[in-house]
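> Sharing a structure, written as structure tokens. Questions coming.
The values are calculated or read from the model by the stated rules, or taken from the named source; none is laboratory data. Computed from a predicted structure; not experimentally measured. Counting neighbours? That spans all protein chains shown, and the Cβs are built from the backbone with ideal geometry, glycine included. The area values use the complete protein model at the heavy-atom level, side chains included, leaving out ligands, DNA and RNA. Shrake-Rupley method; radii C 1.70, N 1.55, O 1.52, S 1.80 Å.
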Amino acid sequence: MNFFGKKKNVKTQEPWKIARSCLELILECAKSNYPNEFGGLLRVDDKVKDTITEVVILPGTISGDSHAIFQMHMRPIDFSIVGTVHSHPSRSYRPSGADLHLFQKYGKVHIIAAKPYAEDSWKAYNYNGEEIEMSVIKR
Ligand SMILES: [Zn+2]
């Protein structure tokens, strides 16, 4: 045991950030897939800590409460992928039971975009389904 050993373990998660261009792409996809849901994976840039810069759009759509689409694509271990994003065809960005199940199973950060898919109609959640802060940065 050394002096720094303890400090290392209490490292807390910095607030998440998302690149504006990435958020715009998410909202665009949500709009164009409506009334279906769309799903994607959130990816960070290694060089910019805790900043989501890319969304990997998953082919196909999510139907109703099924998140099979995510499970299929999350098999390969890719450490630059930190979580998921999907849209709701309603004005609610509250996670459903299936969403919570998905959040707990995979990833650290999750975004839900709701109608009308505007800049303020989305929310970010942690693995526990608790709302978390995410700031939009220019990039
Ligand atoms: Zn959902």
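> Tell me which residues, restricted to segment 38-71, are charged (D, E, K, R), at pLDDT 90 or above and out of contact with any Lys or Arg (no Cβ under 7 Å at 6 or more places or on another chain).
Arg43
> Still on this structure: Please count how many residues of segment 102-112 are more than 10 Å from the ligand (Cβ to nearest atom) and either closer than 22 Å to Tyr34 by Cβ or not in a loop (DSSP other than H, G, I, E, B) (or both).
4
> If Ala30 satisfies every condition in (1) in contact (Cβ under 8 Å) with a residue 60 or more places away in the chain; (2) open to solvent by 20 Å² or more (accessible area, probe 1.4 Å) but one, which is the exception?
(2)
> Does Ile69 count as part of a strand (DSSP E or B) and either under 15 Å from the mean Cα position of the chain (by Cα) or touching a residue at least 24 places away in the same chain (Cβ under 8 Å) (or both)?
Answer is no for this residue.
> Restrict the check to segment 83-92 and report whether at least one residue is over 12 Å from the mean Cα position of the chain (by Cα), away from the ligand (no atom under 14 Å from the Cβ), at pLDDT 90 or above and outside any strand (DSSP E or B).
Looking through segment 83-92, none of the residues is over 12 Å from the mean Cα position of the chain (by Cα), away from the ligand (no atom under 14 Å from the Cβ), at pLDDT 90 or above and outside any strand (DSSP E or B).
> Open to solvent by less than 30 Å² (accessible area, probe 1.4 Å) and assigned to a loop (DSSP other than H, G, I, E, B): is that true of Tyr125 in this structure?
No, not satisfied.
> Determine which single condition Lys105 fails, assuming it passes every other condition in (1) at pLDDT 90 or above; (2) surrounded by fewer than 18 Cβ atoms within 10 Å (Cβ to Cβ); (3) of a type outside the set (A, V, I, L, M).
Just one mismatch for Lys105, condition (1).
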